[in-house]
Amino acid sequence: MSEKKQDPKTFGALFDYVEEKCNFHEEGKGMEKKAVWTCFHDLRFVKEYCVLVDVSFPAVQAVLGRAGGYCDCEVIFNSTEKIARDIPLPTRRPSA
Ligand SMILES: [Zn+2]
């Protein structure tokens, strides 16, 4: 009954990694409460993961960009809804 391990070379695994790095959480109390997270307005966490699992960052970036993910937090806000988790990460640059 062992659960199948998530393939690290999938968008689902990438999303998990980026979400953890962005560290989404709430700060403050009551009316002051607000959602906060870490984002440097670029795709550094995505790039980090691409290097880690040896997939093509430019190819991944192109797919995320088409899904509204232009920075790490946008990937979580926009791209996760448009890209299925079991889609494999592109391992090489798109030829164009
Ligand atoms: Zn962002």
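The values are calculated or read from the model by the stated rules, or taken from the named source; none is laboratory data. As the structure is a computational prediction, the values presented were derived from the model and not from experiment. Cβ placement follows ideal geometry from the backbone for every residue including glycine, while neighbour counts extend to all protein chains displayed.
With respect to the conditions (1) part of a helix (DSSP H, G or I); (2) in contact with a Lys or Arg (Cβ under 7 Å, 6 or more places away or on another chain), Val55 lacks only one, and its number is (1). Being modelled with pLDDT of 95 or more, aliphatic (A, V, I, L, M) and surrounded by 13 or more Cβ atoms within 10 Å (Cβ to Cβ) narrows it down to one of Leu14, Leu52, so name that one. Checking each option against the conditions leaves just Leu14. Mind checking which pairs have a first residue in the range 61-89 that is at positive phi and a second that is within 12 Å of the ligand (Cβ to nearest atom) and assigned to a helix (DSSP H, G or I), Cβ under 8 Å, 6 or more apart or different chains? Going by the 8 Å Cβ cut-off, the qualifying pairs are Gly68/Glu74; Gly68/Phe77; Gly68/Asn78; Gly68/Ser79.
When the residues of the range 32-71 are filtered to those that are among the basic types (Lys, Arg) and away from the ligand (no atom under 11 Å from the Cβ), the one that is nearest to Leu89 (Cα to Cα) is Lys47.
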